[in-house]
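Structure record follows, encoded as structure tokens.
The values are calculated or read from the model by the stated rules, or taken from the named source; none is laboratory data. As the structure is a prediction and not an experimental result, all values here were calculated from the model. Reconstructed Cβ throughout: ideal geometry from the backbone, glycine too, with neighbour counts over all protein chains shown.
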Amino acid sequence: MEKDTDLGGIARRIHYTLEGLDVQAYLRDVIRKVYRHPLIHVFHNAAITDVFGYVGNFVTTVKSDGRVEEIRHGATILATGADVYRPTEYLYGEDDRVLTNLELEEQIAGRDERLMKSRSLVMIQCVGCRNEDRNYCARICCGQSVKNALKLKEINPRIDIHILFRDMRTYGFREDHYREASEKDVKFILYEPEDKPQVQAVEEGGQPALRVTLPDPILGKKLAIDADTIALAAAVIPASGNREISQLYKVTLGPDDFFKEAHVKLRPVDFAADGVFLCGTAHYPKHIPESINQAYGAAGRALTLLSHDIVTVSGSVCEVKENDCVSCGACITACTYGAIEFRETPQGRKAWVNPVLCKGDGVCCAKCPTNAIFLKHFTDEELLSQIDAAFPEEEIVQQFDAAVGDA
Ligand SMILES: Cc1cc2nc3c(=O)[nH]c(=O)nc-3n(C[C@H](O)[C@H](O)[C@H](O)COP(=O)(O)OP(=O)(O)OC[C@H]3O[C@@H](n4cnc5c(N)ncnc54)[C@H](O)[C@@H]3O)c2cc1C
Ligand code: SF4
Ligand code: SF4
């Protein structure tokens, strides 16, 4: 399902990676394979309007190119990606010499004439995140800035490049490229969030320039750098449709509105809801190789599921004693997995637990005012019997007597 007219997502705007991957060639090849595969059906301009069902038995309604179709599927992979922050700071949108990193990359790839003539470029990191509104690091922008700086130095070794950063997060082997950029005379200058760089459009000797001023903590002085171009490391932000998708597939979002995996180490591509998997920047910002690796992981998990004819679920699930149910709906509201629904019975509307969706956490049992709902293998009778067996009545009486005696 692709909501856009073309496949490829944000990678359509990325031309190369720090590792040297030709992104456009890679993308063309993958897209060609997808269209040629007889078992892959692509829906363009797709909007998912309704989803029901559960692991092994989903039904998704999709509106695509004016048609509405119901698709039956056993597993779902959410790979809805992320959006790019549109800066409101540093004259972005007011002066066309101020670009985002992505726009800079597009200009480098297209050998933009004005950029090629630039003698000085300033990059400002952490734009639109690591602040009160978005308190997370977008992870990829430091690598992207180093990548663009190295590419520009390769084209024009004399270009003067300053990267104004809070922390350089070129994690993993990207650290080597960070070092390479320093060796190629890219200057890295630390700035503090409470004393951010200021950007002004000025004229210097009759020539227009963008003046960036900031305190240099090492020199202990204020610096002024005149640049022909400014590139902003604009944050990667959660896709605007995440909330809607999370409600449709009953999966959770983290505090930053990216999708949240079931367990960061043990189930990194699963959701708590069975049969729904996750990959790419829908999860959090990550570089292309990381997205591809995670996509293999999600595909593997989905295939493991689809290779079975039947789904085996836990025996420890809830069940409703219909005679005792008064149809109050408290259990339905309490269940975070959407496992309970009302069904018409000869005795009227009664709660019913879908054993495939139930995770057996027993929250509904605690809410039921008439004890109509119970968790198999953890009924009140079983638990009370276990307590009685662990602490026989005579023992408790003896312990009580001893305690009274001591007192
Ligand atoms: C600004 C920016 C710069 C980057 N720079 C680099 C870089 O220099 N090097 C690097 O290695 N990585 C970079 N990345 C990361 C890289 O782009 C990602 O790792 C990768 O492209 C993520 O792929 P994806 O499929 O998860 O998401 P996306 O590429 O965002 O694709 C998601 C797709 O899902 C579609 N979609 C979304 N919602 C729906 C919906 N509800 N229904 C149907 N379709 C939907 C979208 O239209 C899109 O086609 C950058 C990312 C960003 C945002
Ligand atoms: S990756 Fe770098 S520029 Fe991006 S938010 Fe993190 S520290 Fe800032
Ligand atoms: S909480 Fe109990 S009584 Fe109310 S609908 Fe659920 S099972 Fe029935």
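Please verify whether T312 is free of Cβ contacts under 8 Å to residues at least 24 places away in the same chain, within 19 Å of C358 (Cβ to Cβ), more than 16 Å from ligand 3 (Cβ to nearest atom) and not charged (D, E, K, R), treating the condition exactly as stated. So T312 passes the test.
Residues that are at pLDDT below 95 and not charged (D, E, K, R) were ranked within the stretch 18-27; the one that is surrounded by the fewest Cβ atoms within 10 Å (Cβ to Cβ) is G20. In this structure, does D83 turn out to be charged (D, E, K, R) and away from ligand 2 (no atom under 16 Å from the Cβ)? Spelling it out, it is not the case that D83 is charged (D, E, K, R) and away from ligand 2 (no atom under 16 Å from the Cβ). For the stretch 119-153, taking the residues that are closer than 26 Å to L21 by Cβ and hydroxyl-bearing (S, T, Y), the one that is nearest to the chain's Cα centre (by Cα) is identified as Y136. Put simply, of I10, I40, I48 the only residue that is at pLDDT 95 or above, away from ligand 2 (no atom under 16 Å from the Cβ) and not in a loop (DSSP other than H, G, I, E, B) is I48. Across the stretch 224-275, the number of residues qualifying as more than 17 Å from the chain's Cα centre (by Cα), of a type in the set (G, A, S) and under 30 Å from V212 (Cβ atoms) comes to 4. Within the stretch 138-150, residues that are farther than 14 Å from F188 by Cβ and in the same structural domain as K187 (by TED's automatic domain parsing) sit with their Cβ atoms under 7 Å from residues that are within 9 Å of ligand 1 (Cβ to nearest atom) and of a type in the set (K, R), at 6+ positions apart or across chains, in these pairs: R139/K286; I140/K286. Among the residues of the stretch 346-370, those identified as of a type outside the set (A, V, I, L, M), surrounded by 12 or more Cβ atoms within 10 Å (Cβ to Cβ) and either free of Cβ contacts under 8 Å to residues at least 40 places away in the same chain or more than 20 Å from T312 (Cα to Cα) (or both) are R349, K350, W352, D361, C364, C365, K367, C368, T370. Scanning the stretch 256-298 for residues that are in contact with a helix residue (DSSP H, G or I) (Cβ under 6 Å, 6 or more places away or on another chain) and assigned to a helix (DSSP H, G or I) returns G280, S291.
Could you list, in sequence order, the residues of the stretch 250-309 that are farther than 23 Å from K359 by Cα and of a type in the set (A, V, I, L, M)? The answer is A282, I288, I292, A295, A299.
For beta carbons closer than 6 Å, sequence separation of 6+ or different chains, a first residue in the stretch 48-60 that is assigned by TED's automatic domain parsing to the domain that holds F277 and a second that is of a type in the set (K, R) and within 16 Å of ligand 1 (Cβ to nearest atom), the qualifying pairs are T49/K63.
Just so you know, in the stretch 221-255 the residues that are in a loop (DSSP other than H, G, I, E, B) and surrounded by 15 or more Cβ atoms within 10 Å (Cβ to Cβ) include one that is nearest to ligand 2 (Cβ to nearest atom), and it is A235. Just one of (1) more than 25 Å from the chain's Cα centre (by Cα); (2) not assigned by TED's automatic domain parsing to the domain that holds M116 fails for I218. It is (2).
Against the conditions (1) within 15 Å of ligand 2 (Cβ to nearest atom); (2) among the hydrophobic types (A, V, I, L, M, F, W, C); (3) farther than 20 Å from E89 by Cβ, I159 satisfies every one except (1). Evaluating T76 against the criteria (1) at positive phi; (2) away from ligand 2 (no atom under 16 Å from the Cβ); (3) crowded, with 20+ Cβ neighbours inside 10 Å leaves one unmet condition, (1). With respect to the conditions (1) surrounded by 17 or more Cβ atoms within 10 Å (Cβ to Cβ); (2) closer than 20 Å to A234 by Cβ; (3) touching a Phe, Trp or Tyr at 6+ places or on another chain (Cβ under 9 Å), T60 falls short on a single one, namely (2). Residue selection: F188 fails the criterion of being modelled with pLDDT of 95 or more, crowded, with 16+ Cβ neighbours inside 10 Å and either within 16 Å of ligand 3 (Cβ to nearest atom) or not assigned by TED's automatic domain parsing to the domain that holds I108 (or both). Taking residues in the stretch 316-336 that are on the phi > 0 side of the Ramachandran plot, and partners anywhere that are among the hydrophobic types (A, V, I, L, M, F, W, C) and not in a loop (DSSP other than H, G, I, E, B), the pairs with Cβ atoms closer than 8 Å and at least 6 places apart or on different chains are S327/F342; S327/A351; G329/F342; G329/A351. Of H41, H15, H73, H37, all but one fail to be closer than 24 Å to C126 by Cα, outside the structural domain of T170 (by TED's automatic domain parsing) and more than 8 Å from ligand 1 (Cβ to nearest atom); the exception is H15. Can you find a residue in the stretch 129-146 that is outside any loop (DSSP other than H, G, I, E, B), surrounded by fewer than 24 Cβ atoms within 10 Å (Cβ to Cβ) and hydrophobic (A, V, I, L, M, F, W, C)? Within the stretch 129-146, none of the residues are outside any loop (DSSP other than H, G, I, E, B), surrounded by fewer than 24 Cβ atoms within 10 Å (Cβ to Cβ) and hydrophobic (A, V, I, L, M, F, W, C).
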